[in-house]
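Written out below as structure tokens is the structure these notes cover.
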Amino acid sequence: MPERTATIASRSGLHARPAALFAEAAGEQPVEVTIAMQGAPADDALDAASILSLMTLGAAKGDVVVLRAEGDGADAALDALVKLLETDLDAE
Amino acid sequence: MGLPVPSPAGLNQQAGTEDSVQNFQGVGVSPGRIIGSVRQMPKPVSEPPSGERLAAGLSPEDAVAGLKAAAQSVHDELKGRADTASGDGKAVLEATALMAKDTMLLKSAAKLINAGSSPERAIWEAGASVSEMLHNLGGYMAERATDVLDVRARIVAELRGVPAPGIPSSETPFILVAEDLAPADTATLNPAVVLALVTSGGGPQSHTAIIARSLGLPAVVAAHGVDSIADGSEVYVDGAAGSVTLDPGEEQRAAATAWAETSATLAEFDGNGTTADGHLVPLLANVGGAKDAVAAAGLGAQGVGLFRTEFCFLERDTEPSVDEQAAAYKAVFDAFPGKKVVLRTLDAGADKPLPFLTDATEPNPALGVRGYRTDFTTPGVLERQLEAIARAASESEADVWVMAPMISTAAEAGRFASLCAAAGIKTPGVMVEVPSAALTSATVLREVGFASLGTNDLTQYAMAADRQLGPLAELNTPWQPAVLRLVQLTVEGSAQEGNNKPVGVCGEAAADPALAVVLTGLGVTTLSMTARSLAAVGTVLKTVTLEQAQELARLALSAPSATEARDWVRAKLPVLEELGL
């Protein structure tokens, strides 16, 4: 299964506005994308399009997360989402 | 003093004959006379009974589809509101909209529906467990827990086909009638469509009252029976007299028209707080940040009497840096070059918890570690704040005074003064909110340069009455002679101390023009209030001499009750009735 790692760049971590922007973007992808903290078992991965899941994940600035997806367009979807996580969304 | 009710039937609380006038009496908390049509705030959504099953004949698949459709329409409604909102309100609404169709929430509700639960009960339970999870994470997440509960209530309302909770959205202006408003309702209250606020609960110091005064909306609180007024009914609201009249007649129409004219002249303050005989009482503004400060300067405020610094800290789970704080403070100072800005150091605790400073599990938070006391348990935060203030002050032209909230003893005042001196702050002071500080003001003031009376908390502590509780509204007014006596004692203590150090007032009391006259008569040197009240207070103050104000203060102190103190003073100030204040 295609996967990518990304380092959270937003100052407030994956909370608040960054979480909302990321969940919305994940929901717009043609494939289902999951998110987990680096090192956590793949079975514990959460739905990346769920803002509540993102909030319970509690990823802070500098934390590394793993994104996974399968199917047509998975690679492009993952690339787009990694780019979003590595942008400081609080600054926009 | 209310307007005469134009009916021989007089005060009639029952819906009687067609000609009868229905009048509801409450407590006026923000002046204004207005006629408009009523919209009731929907009742809170009730909990679907535990164990409520799926209706016979409804398949789990259809129930899940129905839930998803309801969730989608709640999402669309919130998203629509987010699109027209701005700033922080917009971000919160956007996040809340996403929660409505969140897969984690809907999947766990679907699981319950498949196990035979009704969709209403299923989303109720799913929301509860997600909310608890967020609550347990603490900090920012814990604050979002209530958003999940709000979304859950909206989805249940949608499933039931009843109006969504919260302030009704409407394009035509209306008078909002509610049990009480919460601070969160402010974000969705659009002053362009809400003409006035009327509540059956709440008291003069409730959030409804504070919101109304800051928006300049006429408001009546604790008006028993207004819950029964039908949506669309026309009512007359008198926010000074505290009355609400159903089916207004000619007299009320004339009064509302007259108010529309006088309120225009009451909108501007000439920037000169004085009595008729030239005794100067600078009128200052209470502000919470740079935006307020700029607005207050525009409304003629002679300075800032209370700069609440919490805004810099709220919604934070860690302490802001000294640089960040200094920049935020300087932005407020810059709105008042050459003028006085009184800054209050961080006042966390009680109704303003902060995750890194206060303990949410205290059994009695109003009497707990709050205000200056957070320095006992989390030393360092105050010193860093003072450092930021000193830096901002040195880079601005404002005359910066700094006071600590919740000071109880002279020893605390002395310690605060030495922390200020160490940071390079010239004018340290204290808030007088705890009765002990009022009673010992001579020794407290020996340690610092000034005092400022926080009448909201002083009243709550003097009367031992929680300021948010409707049933205690009668106790919770600064017109209580005991509270006025504490104000007088604080001023007397200052005289006794020997240097006539300034004693100001920065509570809601200063915004009541009649009370402002009494406070002036008691010897208070400055009055600080929400900027919208400056013009009304300034206008009334100019109609009395210092000697008359002193006479009215003696009258109020001699009253056996708060009601009589207020009535006696108002009867001697006919200008209030003339202006509808």
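Details
- Separation between Cα centres of the stretch B:220-240 and the stretch B:507-581, rounded to whole Å: 27
- Positive-end residue of B:ALA421, B:LEU469, B:MET403, charge dipole of the stretch B:266-579 with Cβ unit charges: B:ALA421
- Global size of the protein assembly as shown as Cα Rg and Dmax, reported in angstrom: 27.5, 86
- In a DSSP loop and with at most 14 other Cβ atoms within 10 Å, the trypsin sites (Lys or Arg not before Pro) in the stretch B:388-477 are B:LYS426.
- Relative pair counts by distance (%), Cα atoms of chain A, 5 Å bins: 3, 16, 30, 29, 17, 5, 1
- Diffusion coefficient, µm² s⁻¹, Stokes-Einstein with Kirkwood Rh over alpha-carbon pairs of chain B at 20 °C and 1.002 mPa s: 84
- Considering only A:ALA42, A:LEU54, A:ALA69, the residue lying farthest towards the positive end of the dipole of chain A is A:LEU54, judged by Cα position with unit charges set on Cβ.
- Under 5 Å, built H, 5+ apart or other chain: amide partners of B:VAL400: B:VAL341
- The calculated 222 nm mean residue ellipticity attributable to helices in chain A amounts to -10000 deg cm²/dmol, summing -39500 (n - 2.57) over DSSP H runs of n ≥ 4 and dividing by all residues.
- What you get for the stretch B:266-579, charging only the Cβ of Lys and Arg (+1) and of Asp and Glu (-1), is a dipole of about 400 debye around the Cα centre.
- Among B:ILE175, B:THR440, B:VAL575 the positive-end extreme of the charge dipole of chain B (Cβ point charges): B:THR440
- Theoretical FRET efficiency, 1/(1+(r/R0)^6), r = Cβ-Cβ of B:ALA366 and B:SER50, R0 51 Å, to 0.05: 0.90
- Beta bridges from DSSP with both residues in chain B: antiparallel share about 30 percent, rounded to the nearest 5.
- Nearest-20 debye value, chain B charge dipole, Cβ charges on Lys, Arg, Asp, Glu: 740
- As a length-normalised measure over Cα pairs under 8 Å and 6 or more apart, the relative contact order of chain B settles at 15 percent.
- Prolate/oblate/rounded label for the stretch B:316-384 (Cα gyration tensor, a/c 1.5): prolate
- Convex hull volume of the stretch B:60-160 per residue (C-alpha atoms, cubic angstrom): 75
- Distance from the stretch B:447-475 to the stretch A:37-64 (C-alpha centre basis), Å: 46
- Taking the average, over residues, of other Cβ atoms within 10 Å as the packing measure, peptides B:242-248, B:197-203 rank B:197-203, B:242-248 from highest down.
- Computed helical MRE - 222 nm, chain B, DSSP H runs ≥ 4 contributing -39500 (n - 2.57), nearest 500: -13500 deg cm²/dmol
- Relative contact order (percent, whole number), the stretch B:60-160, Cα cutoff 8 Å, 6+ residue spacing: 31
- The shape of the stretch B:266-579 comes out prolate: with a ≥ b ≥ c from the C-alpha gyration tensor, a/c is at least 1.5 and a/b beats b/c.
No lab work stands behind these numbers, since they all come straight from the coordinates. What you see is a predicted model, and the numbers here were worked out from it, not measured in a lab. Note that we place each Cβ from the backbone using ideal geometry, even for glycine, and neighbour counts take in every protein chain shown.
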